[in-house]
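Engineer: I am attaching a structure below and will ask some questions about it afterwards.
The values are calculated or read from the model by the stated rules, or taken from the named source; none is laboratory data. In this text the structure is predicted, and so the values were computed from the model without any measurement. When we count neighbours, we look across all protein chains shown, and the Cβ atoms used for this are built from the backbone with ideal geometry, even at glycine. These accessible areas exclude ligands, DNA and RNA; they are computed on the full protein's heavy atoms, side chains included. Shrake-Rupley method; radii C 1.70, N 1.55, O 1.52, S 1.80 Å.
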Amino acid sequence: MLKSKKVRVGCAILVVGLLGWIYQMIGVWLDFRNVSPAGKLISINGHQMFVSASGQPSAKGTLVLSAGNGTSSPYADFYPITAEMKHYTRVVTYERPGYGWSEATDISRDIDTMTNEMRQLLQQSGEHPPYIILGHSMGALEGIRFAQMYPEEVSGLIMLDGISPEFARDADMDWGYKMGWYMIEGAKKLGVLRGLSDLGIMTHSFNDMEDLPESIEKLKVSMILKNANNRMMLEERKQFHQSGLKLLEKGKVGDIPVLILSAPNNGYPNWREVQRQLMSISSKATQKSYIRAGHYIHHDYPQDVNNRILKFITSIPPQENSTKKAD
């Protein structure tokens, strides 16, 4: 009798799980059935990667936006920056494998592979250096590595509450972090996140930016429900330690201008020290702190962030061979 009851409970759990998975799959299909990428999909290393560009190239360089680990839709996330900065310079948003519109891949998520994929994507999409690379959170590592590997192609770096090489080197995925990660991933796959979103319970968590166009808001939520905590994001996170070691081995980026926009009270431990470490990456680094901001500073203070970016770009000396028209 007890065994029979366990079997029924097990079958009920399987049925509920299957129904949740079907609900999730149908939801993803409905979300994207009539939506086309607002940019290009280009094959890089055998997988499709998304890139979107707007604005005209300037003598200072093209602004390239690199998102943090776990940002499901970089295109939507950076909208407050692209919508404003495209009036002053060329702005490019790209999405790593597993993010936004970009396909997943089985190729390693080590820092050199990701940096080279970004460079290939820029080249094949018709963009030309020099680049001003803005990296949010983990994206700062890509910017630093790009400047280490191809310094002649970089006219400036912007760290948007970026993580330092030292932070990456010391990062540890303890059991609590892994448990939280897999719980969210499971909730996504079984339709739990979608159900909470449809009920309006996750509205504030998913829509944390004001004055977004409705289409961008919808895209942001849809991408979270499709991409949250996927395998690509986890593989990137597993590479933090090796990425940090590699960047520290290569050292500083010389006198490349660097702007560091920091949220020292964002809730992460020792974050002031992490931001101080970034200051040493270049002999020409400057910093602005947002005491009341969360980790996504550009969501909390978009206008001031844009003003700081524009002022920084204006301060960069004109670069040679930087006025080619993008394709």
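Engineer: When you check T93 against the structure, is it modelled with pLDDT of 95 or more, outside any loop (DSSP other than H, G, I, E, B), open to solvent by less than 30 Å² (accessible area, probe 1.4 Å) and in contact with a Ser or Thr (Cβ under 8 Å, 6 or more places away or on another chain), yes or no?
Structural biologist: Taking the combined requirement at face value, the residue satisfies it.
Engineer: What residue, among those in the stretch 272-294 that are hydrophobic (A, V, I, L, M, F, W, C) and more than 19 Å from the chain's Cα centre (by Cα), is farthest from D110 (Cα to Cα)?
Structural biologist: Selected residue: I291.
Engineer: Report, by residue number, each residue of the stretch 29-40 that is exposed (fewer than 15 other Cβ atoms within 10 Å of the Cβ) and in contact (Cβ under 8 Å) with a residue 40 or more places away in the chain.
Structural biologist: Within the stretch 29-40, V35 is the sole residue that qualifies.
Engineer: Give the stretch 206-237 a look and list any residue that's open to solvent by 50 Å² or more (accessible area, probe 1.4 Å), touching a helix residue (DSSP H, G or I) at 6+ places or on another chain (Cβ under 9 Å) and closer than 16 Å to G70 by Cβ, or say none.
Structural biologist: D208, K226, R231
Engineer: Something else about it: Could you tell me which numbered condition N229 fails, if it satisfies all but one of (1) touching a residue at least 24 places away in the same chain (Cβ under 8 Å); (2) under 22 Å from M138 (Cβ atoms); (3) part of a helix (DSSP H, G or I)?
Structural biologist: Answer for N229: the failing condition is (3).
Engineer: Which members of the stretch 255-265 meet the condition of being surrounded by 14 or more Cβ atoms within 10 Å (Cβ to Cβ) and not hydrophobic (A, V, I, L, M, F, W, C)?
Structural biologist: Passing the criteria: P257, S262, P264, N265.
Engineer: Out of the stretch 50-87, which residues are more than 25 Å from Q239 (Cα to Cα), in a loop (DSSP other than H, G, I, E, B), modelled with pLDDT of 95 or more and open to solvent by 30 Å² or more (accessible area, probe 1.4 Å)?
Structural biologist: Hits for the stretch 50-87 are K86, H87.
Engineer: Go through the residues of the stretch 96-108 one by one and say whether even a single one is under 26 Å from F167 (Cα atoms), among the basic types (K, R) and surrounded by fewer than 24 Cβ atoms within 10 Å (Cβ to Cβ).
Structural biologist: Checked the stretch 96-108: no residue is under 26 Å from F167 (Cα atoms), among the basic types (K, R) and surrounded by fewer than 24 Cβ atoms within 10 Å (Cβ to Cβ).
Engineer: Count, please, the residues in the stretch 147-185 that happen to be within 17 Å of K284 (Cα to Cα) and out of contact with any Pro (no Cβ under 7 Å at 6 or more places or on another chain).
Structural biologist: Counting residues in the stretch 147-185 that are within 17 Å of K284 (Cα to Cα) and out of contact with any Pro (no Cβ under 7 Å at 6 or more places or on another chain) gives 10.
Engineer: Cβ-Cβ distance below 6 Å, separation of 6 or more or different chains: which pairs start in the stretch 14-26 with a residue that is touching a residue at least 60 places away in the same chain (Cβ under 8 Å) and end on one that is in a helix (DSSP H, G or I)?
Structural biologist: Q24/R194
Engineer: Would you point out the residue of the stretch 199-216, among those that are without any contact (Cβ under 8 Å) to a residue 24 or more places away in the chain and in a helix (DSSP H, G or I), that is nearest to N34 (Cα to Cα)?
Structural biologist: Only one residue fits best here, namely S215.
Engineer: Go through (1) out of contact with any Lys or Arg (no Cβ under 8 Å at 6 or more places or on another chain); (2) at pLDDT 95 or above; (3) part of a loop (DSSP other than H, G, I, E, B) and name the single condition V35 misses.
Structural biologist: Answer for V35: the failing condition is (2).
Engineer: Of all residues being within 18 Å of E153 (Cα to Cα) and open to solvent by less than 60 Å² (accessible area, probe 1.4 Å) in the stretch 238-254, which is modelled with the lowest pLDDT? Just the residue, please.
Structural biologist: The qualifying residue modelled with the lowest pLDDT is G251.
Engineer: Here's a follow-up. All but one of (1) of a type in the set (G, A, S); (2) open to solvent by 10 Å² or more (accessible area, probe 1.4 Å); (3) modelled with pLDDT of 95 or more hold for A187; state the number of the condition that does not hold.
Structural biologist: Of the numbered conditions (1) of a type in the set (G, A, S); (2) open to solvent by 10 Å² or more (accessible area, probe 1.4 Å); (3) modelled with pLDDT of 95 or more, the odd one out for A187 is (3).
Engineer: Still on this structure, I have one more. Mind checking whether some residue in the stretch 108-123 is in a helix (DSSP H, G or I), touching a residue at least 24 places away in the same chain (Cβ under 8 Å), among the β-branched types (V, I, T) and touching a helix residue (DSSP H, G or I) at 6+ places or on another chain (Cβ under 9 Å)?
Structural biologist: Yes, some residue in the stretch 108-123 is in a helix (DSSP H, G or I), touching a residue at least 24 places away in the same chain (Cβ under 8 Å), among the β-branched types (V, I, T) and touching a helix residue (DSSP H, G or I) at 6+ places or on another chain (Cβ under 9 Å).
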